[in-house]
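Written below as structure tokens is the structure these notes are about.
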Amino acid sequence: MNTPRSFKRPATGAELELATELFGSRAHADVSLAQFTTYRVGGNAALHVHVQSIEDLEAISAVLAQVDLPLLVIGRGSNMLIADTGFAGLAITFGSFLEYIDLPERSDGADGADGSIDVEPIALFGGSVLLPVAARQSVHRGLTGFEWGVGVPGTIGGAVRMNAGGHGSDMASSLVSARIFHLLRGVEAHVDAVDLGLRFRGSAIADHHVVLSATLNLGWATDREAAENQLSEIVKWRRENQPGGQNAGSVFVNPVPGEVSAGALIDQIGMRGFRIGTAHVSEKHANFIQAEEGGLASDVVQVMAEIRRRVKESTGYDLRSEIRLAGFDATTDPSLIDVLTSESDTSVATVRLEHVFDRNANASVSTDTSMPISVLTSTTFQDPLDVPTEVLDELRAVFDDETSNTQEQPVSASVTDIKTREVTMPVEPPATEPVTAPSRVVIVDEDFRQPSESDFPSDTASQTVHQAPTSVRVLITDDDVAQDLDAEIIVGTQWGELIVSRRFLGKFVGKVAGGNKRKRLVMAALGVVLALVVTLIVLASPIVAVRTVQVEGAKYADAALVRSVSESLKGKSVLTVDTKTASERLESDPWIKSARITTSLPSRVLIQISERVPVAWFLGVDNRARVIDEDGLVLSVVEGRPTQYMWIEGTGPNLTAGASSAAAYRAAGQLAMSLPSELAPMVKQLGVAGTEKITMTLKTGTVINFGAPVDMRNKLVNVVVLLRRQDVNSIISIDVSTGTPVVQS
């Protein structure tokens with residue numbers, strides 16, 4: 001799994017020196033970060049860049065392609081605490097270029113009396129726009145749905161990353177999409193909200209992502225005065241119930257949103273006013289920790305650690321930090337490890353988000369391939385009996401054992417490194433196993449489609465064959481003709497042609513060999529010997545020894561294995577290195593679906609890893625969780641409950657990582673990934689009873705029995721149709737195990 005950001009190694013002096021040289025005047029060393037956070041405490045950043053344009057982001061990306069630096073993206077700093085020792089990496093802050101707001105104008109005659117139609121209430125906010133400003137501007141324009149933002153002192157970008165919220169709403173309730181810049185790839189992409197891995201006070205957005213803008217779907221207010229009053233009430237409530245001064249708002253995430261609050265638990269054990277050094281729990285709100293002017297970040301973290309310990313001991317709840325902690329190291333104080341590992345870092349949902357950038361960087365494909373089952377697009381659905389037979393056959397095929405995989409497509413990839421702007425020798429892709437593109441299901445009326453793409457889209461403009469210099473072509477002519485034409489002997493090599501004057505060599509060989517026939521034989525032999533010598537020299541030359549191994553796509557793979565394979569390639573000739581064995585070693589890791597290794601002269605190897613996507617988890621007899629992908633393959637065995645993805649209730653076998661689970665778990669995993677966007681938010685959990693029964697429980701308590709793991713797609717279609725026609729709150733159970741829905745209300 002990913003190492004939490006707080007534990008990632010600091011940049012070395014050599015790395016910082018190289019980065020400083022590459023950045024030039026864009027970067028500054030030893031810049032205080034306390035000035036950029038609302039806590040106003042903490043140390044310096046080893047390097048700091050104040051971004052003023054997209055070009056600055058591209059420059060950062062170019063440097064990161066050559067230097068591996070820890071990253072810290074800072075918006076308003078209202079949800080961040082910097083260690084007293086500072087941040088040994090690159091900190092990024094932003095200028096005003098992302099402070100734009102684009103709001104729609106409501107049509108005249110909004111009630112439609114004159115036949116006019118309102119424009120869509122779609123709002124666009126730059127990533128640096130403050131939430132209170134966005135809330136007030138939207139209400140002023142007659143929009144509603146974002147009033148809650150007036151009480152949250154952060155930016156749009158930070159709110160998207162943390163799925164910020166308050167007063168009964170959050171970003172996920174209105175977010176349509178976000179435009180994100182990928183600092184490690186140097187590309188940007190429009191990402192649908194469904195691909196952001198939004199959860200309560202968290203998302204899949206990581207430190208190498210920059211939210212440039214967010215698109216929100218709001219509504220037109222019927223009573224603008226009421227919306228204005230709501231803004232005033234929220235501001236008033238905040239002043240009365242939340243302290244000012246040096247803090248970062250709520251410290252801990254509510255363990256059970258809407259039911260159990262962190263503040264109430266802290267208050268319950270009497271910790272208001274609790275102090276360590278220069279930090280204390282607020283007397284006004286128990287989930288706020290105040291820092292004194294000139295105080296220490298270590299005191300704040302010590303208070304956090306003590307709160308977590310006491311709440312866990314007294315109530316059993318394990319509080320998770322809502323605040324991003326940067327620069328801390330648990331190895332210096334083991335008592336802080338629980339605090340640091342509980343911060344709202346990204347989870348394995350990041351893999352889905354990376355797939356969006358895979359498609360954006362490698363091909364102009366708009367199809368959403370974040371799910372493993374084919375896409376069907378529209379918004380309404382007709383009766384199942386009205387669906388053409390061939391369509392239903394297509395739906396069933398996804399879950400049938402003999403046709404469960406989508407059509408295979410060949411793998412290809414470009415080795416042009418866009419990030420470093422370094423164009424390498426084009427390479428013909430070797431034959432690899434075909435891969436299957438994942439996709440999400442949306443139930444539709446008509447126009448059923450099944451788009452798919454390979455994990456490495458073809459880039460024919462940068463592909464060719466690079467060949468070892470073993471072939472020799474020799475131009476030999478009659479002596480007289482050669483003398484008239486001043487012919488040349490040409491020896492083929494990897495980089496060009498070695499041309500030796502025929503006139504000079506002919507005279508030399510003529511003296512040694514004598515006679516036309518003997519001379520031809522000697523010249524041919526010399527050509528072969530020369531080619532062999534050149535080949536041996538090239539293979540033995542350190543010029544073509546592998547010195548640089550670049551790895552792409554390794555997020556959750558075994559870091560030790562990837563490092564070992566990378567080291568095993570170094571020093572070998574780039575022309576003869578055994579990439580097949582290296583690929584097989586990498587693919588022994590359950591997380592790695594396929595590994596593609598390409599070489600380019602003079603000394604570079606590129607490892608492109610396509611990882612499996614975790615979709616669900618179930619408990620084994622040993623009470624440990626088994627995380628599986630859409631094929632039912634166990635990716636890892638973990639302690640605790642990985643709630644980032646769907647829970648399959650029921651006790652399963654004690655499978656090890658790399659093992660395949662039973663058909664019922666495979667079908668449940670595919671069901672989890674194929675849920676339409678309208679149904680997915682309603683699902684609480686899936687269930688497997690034995691090997692022949694799959695169930696789904698909705699948050700309303702409705703139980704859906706799918707029965708045996710066959711014909712699952714058709715059963716899902718029936719469920720969606722029923723839920724569209726009836727109030728789910730009135731349904732006790734739905735049984736589609738026989739193919740014919742039976743509803744109990």
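The values are calculated or read from the model by the stated rules, or taken from the named source; none is laboratory data. These numbers come from a predicted model, not from an experiment. Ideal geometry is used to build each Cβ from the backbone, glycine not excepted, and the neighbour counts take in all protein chains shown.
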With the first residue restricted to region 1-19 and required to be in a helix (DSSP H, G or I), and the second required to be at pLDDT below 80 and among the small types (Gly, Ala, Ser), Cβ contacts under 7 Å at 6 or more apart or on different chains are PHE7/ALA330
ASN241 meets each of (1) within 19 Å of LEU72 (Cβ to Cβ); (2) of a type in the set (S, T, N, Q); (3) modelled with pLDDT under 85 with one exception, condition (1)
Over region 20-54, the set of residues within 27 Å of the chain's Cα centre (by Cα) and part of a helix (DSSP H, G or I) is LEU22, PHE23, PHE36, ILE54
Picking from ARG320, ARG272, ARG308, the residue that is touching a strand residue (DSSP E or B) at 6+ places or on another chain (Cβ under 9 Å), closer than 22 Å to GLY245 by Cβ and assigned by TED's automatic domain parsing to the domain that holds VAL73 would be ARG272
Subset of region 169-196, residues closer than 24 Å to ALA135 by Cα, out of contact with any Gly (no Cβ under 9 Å at 6 or more places or on another chain) and assigned to a loop (DSSP other than H, G, I, E, B), comes to LEU196
Output yes when any residue across region 616-626 is more than 30 Å from ALA65 (Cβ to Cβ), under 27 Å from the mean Cα position of the chain (by Cα) and assigned to a loop (DSSP other than H, G, I, E, B), and no when none is. yes
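Matching residues to (1) touching a helix residue (DSSP H, G or I) at 6+ places or on another chain (Cβ under 7 Å); (2) within 19 Å of VAL546 (Cα to Cα):
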residue	(1), (2)
LEU586	yes, yes
ASP589	yes, no
THR598	no, yes
LEU601	yes, yes
GLU611	yes, no
PRO614	no, no
GLY620	no, no
ALA625	no, no
ASP631	yes, no
Among THR535, THR493, the single one that is farther than 30 Å from VAL637 by Cα, modelled with pLDDT under 60 and in contact with a Pro (Cβ under 9 Å, 6 or more places away or on another chain) is THR493
By residue number, the members of region 203-226 that are free of Cβ contacts under 8 Å to residues at least 40 places away in the same chain and part of a helix (DSSP H, G or I) are GLU225, ALA226
GLY151 meets each of (1) at pLDDT 85 or above; (2) closer than 16 Å to ARG76 by Cα; (3) not basic (Lys, Arg) with one exception, condition (1)
Scan region 227-241 and give yes if some residue there is assigned to a loop (DSSP other than H, G, I, E, B) and surrounded by fewer than 21 Cβ atoms within 10 Å (Cβ to Cβ), otherwise no.
no
By residue number, the members of region 226-267 that are of a type in the set (Gly, Ala, Ser) and over 35 Å from the mean Cα position of the chain (by Cα) are ALA226, ALA227, SER232, GLY244, GLY245
For region 588-607, pairs from a residue that is part of a loop (DSSP other than H, G, I, E, B) to a residue that is among the charged types (D, E, K, R), with Cβ under 8 Å and 6 or more apart or across chains, are ASP589/ASP558; PRO590/ARG612; TRP591/ASP558; TRP591/GLU611; TRP591/ARG612; SER603/ARG547
Just one listed residue, out of ILE732, ILE694, is at pLDDT 85 or above, of a type in the set (A, V, I, L, M, F, W, C) and touching a helix residue (DSSP H, G or I) at 6+ places or on another chain (Cβ under 8 Å), and it is ILE694
